[in-house]
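As structure tokens, the structure follows; a few thoughts come after it.
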Ligand SMILES: Nc1nc2c(c(=O)[nH]1)N[C@H]1C(S)=C(S)[C@@H](COP(=O)(O)OP(=O)(O)OC[C@H]3O[C@@H](n4cnc5c(=O)[nH]c(N)nc54)[C@H](O)[C@@H]3O)O[C@H]1N2
Ligand SMILES: Nc1nc2c(c(=O)[nH]1)N[C@H]1C(S)=C(S)[C@@H](COP(=O)(O)OP(=O)(O)OC[C@H]3O[C@@H](n4cnc5c(=O)[nH]c(N)nc54)[C@H](O)[C@@H]3O)O[C@H]1N2
Ligand code: SF4
Ligand code: SF4
Ligand code: SF4
Ligand code: SF4
Ligand code: SF4
Ligand SMILES: [Mo]
């Protein structure tokens, strides 16, 4: 056991490197991010001081960037835990190097997204009223609950599988030993502990999936529970969830590609991973289109005047660019890239993913603003031009995300080392057995060859 | 709009002009003197309601003021008051904002340094009045009392008498009232022989045909007319509005007929043509009560053309359609509907008189009422009874004042422009600049903001600057009072005594007292009392013209007349349903009061006195023309012209021609003296008519310094604190203008930039800009907001009355690349 | 229990805007900075909806004063996370300014855009005296407000009525807008009281409510020859 682990650690040295050595580039990036964050916080301060007047919101467009970004970030957060849980559950072997990154994304982005409704409050000082005199009938309350639940679940779900790795770092000694000792929770890698660990992980991953789905469903309820044309739609729940997973996968891909490059993880994150995830992205893209299509078709077909007003506004109004941009980014481009071998390269996938992330942000924008700008009452169409403050806080959000990731990478391995090992040790065997368990007439050599091919 | 400091800060997320003017947090919008603040904080919160009369405009609505611990906190309409029956307009509701206005002058001011740029120093009443009184004394000693002029605003009733009295006693013929409610006067004087504003019995008529009279939004008493209008459904009254623009009144009318500006004299006559042709007119009224309808023979057997043949000869519907742009079919419909409905009423408004041909146009419009025999008839036109006010003892003039009053008034036009008016701003300005016939040494300015409205700003300000002593009574510094040497601020109407009687165009005799619901906030004084003080300082016969202790006593004195007359009654408990009806059913028994004191107290308590019953023996006073009849052919106009042409050489015919040319009157022969259409001298190269209108929330620019009225300025088009220009979609698309774009509006005088409002509600070859904004002074809330159409208007005037021709300018619009 | 309702007769209404101003004066509603106003942040509890129909020269203009409809089944109160807007026992939809956290969800949920928001700290009447009308509390930055049906007047009237123990008379509880209207176009009263004016008028053939189909049961009725 002991020697085994050492040998392994040699082999996976590259995964430890970021924790022990830091390039200048790292500091520079962190510095820049810090600046952005400070600026953003100053902007938020002015909002606290003067009121939401400093934003571009008005009557009737009473919600803007903050709510858009809230929905967007929470959507992204579905990358992680949900995906990793699904992959774990479906025993997809190739998941091993991916899950951790996915879970980190969730933890960080969820925190950022969860802050947005508070940023959006006119009286953040009264936030406690939600507990003092909260009304569970209000969809906003449903959100508060499900998001907190999701956040706790997914942080735990991030932490538990990290314990063995933390223990390794502890054993290597060096900086912050106390921290790792504390977090390792006396992990020795005994069979007993392993059993408990796997147990915990299994329970969590089963739990986390419904929570994750509930989260985005409930967020969609914020809108669909009102009578506003363009919002008052039953399809919104699943529609939002699909969109969330969609943007989540895209975000995950971007992160993977980025760190693969910076931390030279080429032989952990291989073509195959991107191809698989890419395919998943393609499927989601098609599903997203299917939902969008049915959503708008019902609208156009029924052509209820108020619905029509908003749909036309989206198609042709000042937001038409956002709308058609969304269609291009979420459907046209990714489908083209992902369905042709020729484009389905890592750079190709990167482009597709970036497009999708942008596209999904545009979609959130398209959901929130146009409906508000065209109230049922016969008022002049509202305008919304986000202010400096809102842009700054958006930028700030992104900065926090990147920074969070970099800091995490500074203290913990971005790829679950022990799971990789486990994969090496047991995975192959396991898969072999599994396949044998269901493939009639399978013969060793074939399998061996297969497995040989695979690594 | 240049980028303001606030924008800049906003970009950087700082406290943008958060709420009214200033950083975040507590911005003070109005001012409350400390002693009141204490009163408010210490007070037990006792609530009282006092009735007075709204003074925000001459509309004369009864107002009920809510006071808490003696501090006015809210105003509403007085439900007992016969003019408004509890209703109010937005402007009146803002009375308290005028009272607590932060720019109000807290005491007399003296200007040091040049006009506009100079500094204002406060000065004691004693010093100020003494200085001015001495100046007056000296002038008088030199026998130059006539070199004092008093430019008033729209003061009526006793206040008008009071000022006139002062000027007469002092010895100057130069008391003029700029503006206000006198636009129709000339035309009415010619037709009826007296300038009184007719009152329209809208309530009992079946059809109202209005020529641009925006009586729901403007007019003399918008609230009164709104109330009458509101009964149209159960009364089955039909409204037709003739106007180039869909004003508030037009949009409430059953039918809107769009017409080319400055041409509805022609339309009226076109209608007359059909009514005459189809004999739809009231034959015996025409026979018995009018003069000059048929051809007639004057003294020395001169044959004269009658109205009838003049019309039949010149106003064939197709021709009219040519002039007005109204389809001849429509002219026909109008005429038939009008001629076949009884009672039917025709109303002309300011706009009727707002062009160079104003007087003739209004004459034409009014002659339709004659054809309908509307005078003194239910559902027609009345001239409201004068009040039985006690008169003041006649002024005993001394030699000096007699001499002064005999001088030629300076308001008279040079040579023979505007023959029919004793005063036009234009002539006044010209004369002052030319010392013609003598220099003006002292000018009093009361109310009004003539410089802001002037179409000849440059000369006007020169004239003001030229006068050695200018004294204003304004409560806030306005464009005009910037030129004053002294400002002796009047109280606001909630702090002062005023007698308000017979609001023009209101259908029954009434009187209300405006009285102080509180002690004045600041060290201000009633203009009437200041004049009295001058008089007393001057001593002699001038002093003795003002026997009363103060203005209140004077008001009481005249009201005694009402008390003793035994007529009418102090208003009493309102009636829920149609109130005029009610009075008819119930007849009217006259109020009885133990003593004048009781009458007086009741009057103050209830807020008004009225007498809706007309005495029957009024026939002869109806028309005071030399014929004693309604004059289609105005003998007064004829004689005026004869006088003009007599002056100088003998051969009158040649002279007459000369004068007609001078006045740019195109008509010849008898037509000149008949209602007819005079073409307006537009400058040819500009395609669009510029018209203006007055919005309910902003009376003549009077309320531009009230923040809430500024916000309400364009409430109907959702434009706040700013001017807009109404453009027809066709016209707009021709110039690539879309709603909300900035456009340049260019006339031969100048150009201004304003945002477009695209609307179906306007004549395609006209554009409309609301009037009232575009101040360059008049306080923090007025200065720098919006534009004033007057700044690009040609300095044209009505040919006869010299009234500014506000609808006679043409413009070109183009998209401004902001 | 009374059911307070408003009836606005559009055939009488001239669109003069007096109701809007009376409301602002009565309820201490701030006048916002001109630039703010230009950015669609004006505050009217009684708004004015103007619509043009038809083409020149046959244009029809409709002016429709619009307060809060005090829906009997209000979608706005349902969504409030803290119960800062709620339907009170009088059936009036009220705001609790001191509880409101400023999420503006209720504004979003109101199909009639009846609510306004304090984007900045509202201005005060004068430095050391915050409001004109002492009966109506001043709002603070970051909270939502709207037409209250002049609830503060109801409170007074109720006290009066209970002290003389009797029902509130028709015409006794009248909001500022109804009181001031120069056209007497606004009626106010108790829908449950068969003797009240609003009871009759709300059943008139000219009566209709905005977007009945939404089923939010507005308690503001409009009278118009042309069915709204
Ligand atoms: N609320 C309010 N009330 C007022 C005033 C105010 O400023 N505000 N001013 C007071 C005074 S001093 C006066 S004199 C009266 C004036 O009151 P009105 O006589 O009503 O005059 P306006 O409202 O200026 O113009 C009425 C309409 O005439 C139309 N019009 C313009 N040019 C022409 C034209 O050439 N032909 C025709 N047919 N129509 C035309 C315009 O569209 C405008 O809507 O109102 C008095 N009452
Ligand atoms: N383009 C265009 N121009 C127009 C018109 C138009 O329709 N269109 N209308 C024309 C007509 S008809 C008229 S009548 C004139 C109106 O022109 P004005 O009669 O000058 O009307 P305001 O500007 O309202 O003048 C009122 C002034 O008196 C002050 N004031 C108010 N109350 C009092 C008081 O109690 N005492 C004193 N001392 N001052 C007081 C106010 O501060 C304000 O400055 O405008 C004319 N100009
Ligand atoms: S019309 Fe308006 S401003 Fe004029 S008196 Fe009546 S309420 Fe006052
Ligand atoms: S006050 Fe009366 S007439 Fe004026 S807009 Fe309001 S409802 Fe209409
Ligand atoms: S109108 Fe809007 S704000 Fe008023 S009760 Fe109905 S939903 Fe709520
Ligand atoms: S803004 Fe205030 S009242 Fe409206 S929903 Fe949020 S907390 Fe409730
Ligand atoms: S009822 Fe009261 S609060 Fe509501 S609009 Fe009328 S005045 Fe304003
Ligand atoms: Mo006027």
Subject >> Condition met for residue C:174 (free of Cβ contacts under 8 Å to residues at least 40 places away in the same chain, within 14 Å of ligand 7 (Cβ to nearest atom) and either in a loop (DSSP other than H, G, I, E, B) or over 30 Å from residue B:81 (Cα atoms) (or both)) >> reply: yes
Original post:
In segment B:699-716, how many are within 7 Å of chain C (Cβ to nearest Cβ) and either away from ligand 7 (no atom under 16 Å from the Cβ) or not in a helix (DSSP H, G or I) (or both)?
Top reply: 3
Original post:
Hey, residue B:170 hits all of (1) more than 16 Å from ligand 8 (Cβ to nearest atom); (2) within 14 Å of chain C (Cβ to nearest Cβ); (3) touching a residue at least 40 places away in the same chain (Cβ under 8 Å) but one; which does it fall short on?
Top reply: (2)
Subject >> Output for segment B:717-750, where each listed residue is in a strand (DSSP E or B) and modelled with pLDDT under 95 >> reply: B:719
Original post:
What number of residues in segment A:87-101 are outside any helix (DSSP H, G or I) and surrounded by fewer than 16 Cβ atoms within 10 Å (Cβ to Cβ)?
Top reply: 3
Subject >> Filtered residue count, segment B:537-559, keeping only those that are surrounded by 15 or more Cβ atoms within 10 Å (Cβ to Cβ) and in a helix (DSSP H, G or I) >> reply: 14
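For (1) in contact with a strand residue (DSSP E or B) (Cβ under 8 Å, 6 or more places away or on another chain); (2) closer than 22 Å to residue B:266 by Cβ, each residue gets a yes or a no:
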| residue | (1), (2) |
| --- | --- |
| B:290 | yes, yes |
| B:297 | yes, no |
| B:303 | yes, no |
| B:313 | no, yes |
| B:316 | no, yes |
| B:321 | no, yes |
| B:324 | no, yes |
| B:329 | no, yes |
Original post:
Which residues, counting only those in segment C:218-228, are modelled with pLDDT under 95 and either more than 13 Å from every other protein chain (Cβ to nearest Cβ) or closer than 25 Å to residue A:226 by Cα (or both)?
Top reply: C:227, C:228
Subject >> Selected residue (only one of B:83, B:29, B:37 is at pLDDT below 95, closer than 24 Å to residue B:492 by Cα and surrounded by fewer than 19 Cβ atoms within 10 Å (Cβ to Cβ)) >> reply: B:37
Subject >> Test for residue C:200: is it more than 16 Å from ligand 5 (Cβ to nearest atom) and either part of a loop (DSSP other than H, G, I, E, B) or touching a helix residue (DSSP H, G or I) at 6+ places or on another chain (Cβ under 6 Å) (or both) >> reply: no
**OP:** Confirm whether residue A:98 is away from chain C (no Cβ under 14 Å), under 16 Å from the mean Cα position of the chain (by Cα) and modelled with pLDDT of 90 or more.
**Re:** no
Subject >> Selected residue [more than 10 Å from chain A (Cβ to nearest Cβ), at pLDDT 95 or above and away from ligand 1 (no atom under 16 Å from the Cβ)] from C:136, C:93, C:124 >> reply: C:93
Original post:
Are there any helices (runs of 4 or more DSSP H) wholly within segment C:1-107 with 1 or more residues that are free of Cβ contacts under 8 Å to residues at least 24 places away in the same chain, in contact with a strand residue (DSSP E or B) (Cβ under 9 Å, 6 or more places away or on another chain) and over 27 Å from residue B:72 (Cα atoms), and if so which?
Top reply: C:34-38
Subject >> Among (1) over 30 Å from residue A:220 (Cβ atoms); (2) within 12 Å of chain A (Cβ to nearest Cβ) - the single one residue C:71 does not satisfy >> reply: (1)
**OP:** Can you give me the number of residues within segment A:211-238 that are under 13 Å from residue C:109 (Cβ atoms), more than 9 Å from chain C (Cβ to nearest Cβ) and in a helix (DSSP H, G or I)?
**Re:** 2
Original post:
Right, residue C:61: touching a helix residue (DSSP H, G or I) at 6+ places or on another chain (Cβ under 7 Å), within 7 Å of another protein chain (Cβ to nearest Cβ) and either at pLDDT 95 or above or farther than 23 Å from residue C:3 by Cβ (or both) or not?
Top reply: yes
Subject >> Selection within segment B:443-501 - in contact with a strand residue (DSSP E or B) (Cβ under 6 Å, 6 or more places away or on another chain), assigned to a helix (DSSP H, G or I), closer than 24 Å to residue B:97 by Cβ and in contact (Cβ under 8 Å) with a residue 40 or more places away in the chain >> reply: B:493
Subject >> segment B:751-790: number of residues that are touching a helix residue (DSSP H, G or I) at 6+ places or on another chain (Cβ under 8 Å) and on the phi > 0 side of the Ramachandran plot >> reply: 2
**OP:** Return yes when residue B:721 is buried (at least 16 other Cβ atoms within 10 Å of the Cβ) and touching a strand residue (DSSP E or B) at 6+ places or on another chain (Cβ under 9 Å) and no when it is not.
**Re:** yes
Subject >> Check on residue B:279, closer than 22 Å to residue B:215 by Cβ, part of a loop (DSSP other than H, G, I, E, B), more than 16 Å from ligand 7 (Cβ to nearest atom) and out of contact with any helix residue (DSSP H, G or I) (no Cβ under 8 Å at 6 or more places or on another chain) >> reply: no
**OP:** Check residue B:55 against each of (1) crowded, with 20+ Cβ neighbours inside 10 Å; (2) at pLDDT 95 or above; (3) within 30 Å of residue B:695 (Cβ to Cβ) and name the one condition it does not meet.
**Re:** (2)
Original post:
Somewhere in segment B:660-668, is a residue at pLDDT below 90 and not in a helix (DSSP H, G or I)?
Top reply: yes
**OP:** Please verify whether segment A:19-32 includes one or more residues that are without any contact (Cβ under 8 Å) to a residue 24 or more places away in the chain and part of a loop (DSSP other than H, G, I, E, B).
**Re:** yes
Original post:
Assuming residue C:68 fulfils every condition listed in (1) within 16 Å of ligand 7 (Cβ to nearest atom); (2) at pLDDT below 95; (3) within 17 Å of residue C:5 (Cβ to Cβ) apart from one, which condition is it?
Top reply: (2)
**OP:** Considering every residue within segment C:107-121, establish whether at least one is away from ligand 3 (no atom under 16 Å from the Cβ) and more than 9 Å from chain A (Cβ to nearest Cβ).
**Re:** no
Subject >> Every residue from segment B:766-818 that is out of contact with any strand residue (DSSP E or B) (no Cβ under 6 Å at 6 or more places or on another chain), within 14 Å of chain C (Cβ to nearest Cβ), in contact (Cβ under 8 Å) with a residue 12 or more places away in the chain and away from ligand 2 (no atom under 13 Å from the Cβ) >> reply: B:780, B:785
**OP:** Would you mind listing the strands (runs of 3 or more DSSP E) fully within segment B:46-121 where at least 3 residues are within 14 Å of another protein chain (Cβ to nearest Cβ) and away from ligand 4 (no atom under 16 Å from the Cβ)?
**Re:** B:47-53, B:62-68, B:71-77
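The values are calculated or read from the model by the stated rules, or taken from the named source; none is laboratory data. Remember, predicted model here, so these are calculated numbers, not experimental data. Positions of Cβ are generated from backbone atoms using ideal geometry, with glycine treated the same way; all protein chains shown enter the neighbour counts.
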